[in-house]
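Notes for the one structure printed next.
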Amino acid sequence: MTENPKDSLETHSETPTRPSKIQKIEEFSIEDEEDQSQQQGPEESGTAANPMSQNPRIQRYFVAIEYIGSRFSGSQQQLNCRTVVGVLQEAFQKFIGQPVSIFCSSRTDAGVHALSNVCHVDVERISKRKPGEVLPPHEPAVVRKAVNHFLQKNEGDIMVVDVRYVPSDFHARYKAKERTYFYRLLSGPDSLSTFEKDRAWHVPEELNLLAMQEACKVLVGCHDFSSFRAAGCQASSPIRTLDELHVSEVPPTPYFPSTLEREQERQQNSLSREDSLACSTVSETDLRISSVSNSCAVGLSTGGTNVGFGVRRKHRCYVVTARSRSFLYHQVRLLVGVLKSVGTGDLTVSDVERILNAKTVTTASPMAPACGLYLGQVKYDLP
């Protein structure tokens, strides 16, 4: 989708009596070097699943990252701005000793979070002791640990969650098969908790979940989404296939059960276990799921009650899930803006159909803020 967007690793001479300060990260005194790669084209490749690059000196890594979007001026590198790619490239450079170029699967705007964004980077590992000698590439686990070492010494708002080898023509952006975004809305008159600041869109009004779900049915599928395409979108066509658009209510997070909820859960567990003795087909897993489900239902239903002094009343939390191979610029946030208006009663399901058919963004509701949007997953047919 196009949802737009210090500590140096010191080199110590190692002796038998003085172990390296970063021995837990690297068990060898070497330096990596990367030749900047050209961005690959969108053509699909039939390359065999070979973990090494076609150039034996270069290894391409796939890197999955998570980050708090409110701490960055978007994902793409910009002059004089702190960005996801900029911070990640800096951490890689401290690890391998040379500049690198990182390409992300999805560009995210300032304020947009990522549970899992994927990027690729090419690395050439050269021996420090014997300049010019090419060494085998680092294991993915070593890359993950080393890069996270430097990221955590920075602000700690971005982390590598996974690393793996891929062939040299496997491009993080063009090889993506599907992208999933989540959007969080918190409904309730009280101001948001400090723990939810910049993590969700606060909607003071009540939201009609059923009406929002009906509106999703109008928007899902293959359409001309010109009404949900922000100015500046560089996509050649507004036609997109929205494979999934769904709204669900979930427990607010961070979620801590109240005294009443804990007591009701204990009672439910007791009843469930008694029932299980009479019906041996009920598994332990089923009982746990039933217990959690009932606990969540209690938490959602008691949000407006008097919960006692010093205890914050809970908001109702809604999550919009949008899944597609690719999205237009600001498409998800424009979709959420319309769904929110349906939930508050400002728009009807018929209005949503009218907006979609108008094929102009001026008819859409105001765009949802960036703070509630999360890039959830990017799927690939990995070699």
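For segment 58-165, the solvent-accessible area of protein heavy atoms averages 38 Å² per residue (probe radius 1.4 Å; ligands and nucleic acids excluded). Remark: for residue pairs Lys175/Lys217; Lys197/Lys314; Lys177/Lys217; Lys217/Lys359; Lys175/Lys197; Lys175/Lys359, the C-alpha separation exceeds 25 Å in Lys175/Lys217; Lys175/Lys197; Lys175/Lys359.
With the highest mean first, a sort of the peptides 90-100, 122-132 on other beta-carbon atoms found within 10 angstrom per residue produces 90-100, 122-132.
Once the C-beta distance of Ser326 and Ser127 is scaled by a Förster radius of 51 Å, the resulting FRET efficiency is 0.75 to the nearest 0.05. The listed residues Phe256, Phe327 rank as Phe256, Phe327 when sorted by accessible area, largest first, using a 1.4 Å probe. Surface calculation, 1.4 Å probe, protein heavy atoms: Arg313 sits at approximately 110 Å² accessible.
Shown for segment 58-165: the carbon plus sulfur share of the solvent-accessible area, taken with all protein chains present and a 1.4 angstrom probe, equals 49%.
A simple charge model with +1 on the Cβ of Lys and Arg, -1 on the Cβ of Asp and Glu and nothing else charged puts the dipole of segment 153-254 at about 520 debye relative to its Cα centre. Sorted largest first by accessible area at a 1.4 angstrom probe radius, with every protein chain in place, the residues Glu244, Glu261, Glu214, Glu206 fall in the order Glu206, Glu214, Glu244, Glu261.
The values are calculated or read from the model by the stated rules, or taken from the named source; none is laboratory data. In this text, all values refer to a predicted model and were calculated from it rather than measured experimentally. All Cβ positions, even for glycine, are placed from backbone atoms using ideal geometry, and neighbour counts span all protein chains on display. Just the protein is used for accessible areas: all its heavy atoms, side chains included, with ligands, DNA and RNA removed. Shrake-Rupley method; radii C 1.70, N 1.55, O 1.52, S 1.80 Å.
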